[in-house]
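Asks: Can you keep this structure in mind? I'll have questions shortly.
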Amino acid sequence: AQSVAQPEDQVNVAEGNPLTVKCTYSVSGNPYLFWYVQYPNRGLQFLLKYITGDNLVKGSYGFEAEFNKSQTSFHLKKPSALVSDSALYFCAVRVSSGNTPLVFGKGTRLSVIA
Amino acid sequence: GAVVSQHPSWVICKSGTSVKIECRSLDFQATTMFWYRQFPKQSLMLMATSNEGSKATYEQGVEKDKFLINHASLTLSTLTVTSAHPEDSSFYICSAQRLSGRAGEQYFGPGTRLTVT
């Protein structure tokens, strides 16, 4: 069975500081890994994904994530946080084959303080 | 490209009535659509997987007679909440997977907030 863990319910960062939102996963097989962001009362917006290739993935709005197979992690990072980055972030995983749905982590609320 | 719409974006209904939510892929064909629900401050929970022209596959604990899913075409799936109760109040989100394209490419709708009074 697939699972995703986001160990932090809340992350607080000062504007301009680097941010990290943690994610670890568990799948049998090769993982497809995703990060999504959700603003209040809105659907999910795609940030980035890892399918194969370079372990460092760059996505929208200056976000990036590093796939670490040995640690089964896919942490989301940004060098300099903005107040507008404050939102709910979800990590998701699916196995690489078949029409299987995404399995989501519980989400991490990021608060960037001016 | 790859836009998914949901209608309505929000709905309030009385207990005991039924509500239909539409999910459309506007500029691509979707072999598979997924329906999720999200409670306040919680993650998305998969309800069912909908394949065009066949019966939906429901997750454990989801009542198929209460949450009717119809995937009539490659661009439309509907979720009908029958005999709605206040505990059905939630944020319902659909996603669509392209007919062609890289596996794992799913696109999410903006969500529908259902409030049952």
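The values are calculated or read from the model by the stated rules, or taken from the named source; none is laboratory data. Note that this is a predicted model, so its numbers are computed, not measured. Here the Cβ is made from the backbone with ideal geometry for all residues, glycine too, and neighbour counts use every protein chain on show. All accessible areas refer to the heavy atoms of the entire protein, side chains included, with ligands and DNA or RNA removed. Shrake-Rupley method; radii C 1.70, N 1.55, O 1.52, S 1.80 Å.
Asks: Do any residues of the stretch B:44-70 show a loss of at least 40 square angstrom of accessible area between the isolated chain and the full protein assembly, using a 1.4 Å probe, and if so which?
Replies: Those are B:LEU44, which lose 40 Å² or more relative to the chain on its own.
Asks: Can I ask one more? Could you do me a favour and compute the accessible area per residue for chain A, 1.4 Å probe, result in Å²?
Replies: 47 Å²
Asks: Then there's this: Pairing rule first: another cysteine's C-beta must sit under 4.7 Å. Under that rule, which cysteines of the protein assembly as shown stay single?
Replies: B:CYS13
Asks: I want the local charge near A:ILE113. Using Cβ-Cβ distances under 14 Å, sum +1 for each Lys or Arg and -1 for each Asp or Glu among the other residues.
Replies: On the way: positive: A:ARG109; negative: A:GLU15, A:ASP85.
Residues close to A:ILE113 contribute a combined charge of -1.
Asks: Return the carbon/sulfur percentage of the accessible area of chain A, one whole number, probe 1.4 Å, all protein chains in place.
Replies: Numbers: 2630 of 5310 Å².
Percent of accessible area from carbon and sulfur atoms in chain A: 50.
Asks: Tell me: how much accessible area in total is hidden between B and A, 1.4 Å probe, Å², nearest 100? Let's see the in-between values first.
Replies: On the way: alone 6480 and 6100 Å², together 10990 Å².
Summed over both sides, the interface buries about 1600 Å².
Asks: Moving to a separate point now. Roughly how many Å is it from the Cα centre of the stretch A:32-52 to that of the stretch B:69-101, as a whole number?
Replies: About 19 Å separates the Cα centre of the stretch A:32-52 from the one of the stretch B:69-101.
Asks: Ok, one more. Could you provide, to the nearest whole Å², the per residue accessible area of chain B with probe 1.4 Å?
Replies: Numbers: 5680 Å² over 117 residues.
Per-residue value: 49 Å².
Asks: With the solvent-accessible surface defined on protein heavy atoms using a 1.4 Å probe, which residues belonging to the stretch B:24-39 display a reduction of at least 50 Å² in accessible area in the multichain context relative to the isolated chain?
Replies: none
Asks: Pairs A:LYS58/B:LYS55; B:LYS14/B:LYS41; A:LYS106/B:LYS66; A:LYS69/B:LYS20; A:LYS49/B:LYS14; A:LYS77/B:LYS41: which exceed 31 Å Cα-Cα? Write down the numbers at each step before the final one.
Replies: On the way: A:LYS58/B:LYS55 38 Å; B:LYS14/B:LYS41 24 Å; A:LYS106/B:LYS66 25 Å; A:LYS69/B:LYS20 42 Å; A:LYS49/B:LYS14 40 Å; A:LYS77/B:LYS41 22 Å.
Over 31 Å apart, Cα to Cα: A:LYS58/B:LYS55; A:LYS69/B:LYS20; A:LYS49/B:LYS14.
Asks: Between A:LYS106 and residues 5 or more places away or on another chain, which pairs have amide H atoms under 5 Å apart, with H built 1.01 Å from N, and which residues are they?
Replies: So A:LYS106 has HN proximity to A:GLN6.
Asks: Also, I was wondering about something else. Which one of B:ALA84, B:ALA72, B:ALA56 has the biggest mean-square fluctuation once chain B is modelled by GNM with Cα springs under 10 Å?
Replies: Fluctuation is largest for B:ALA72.
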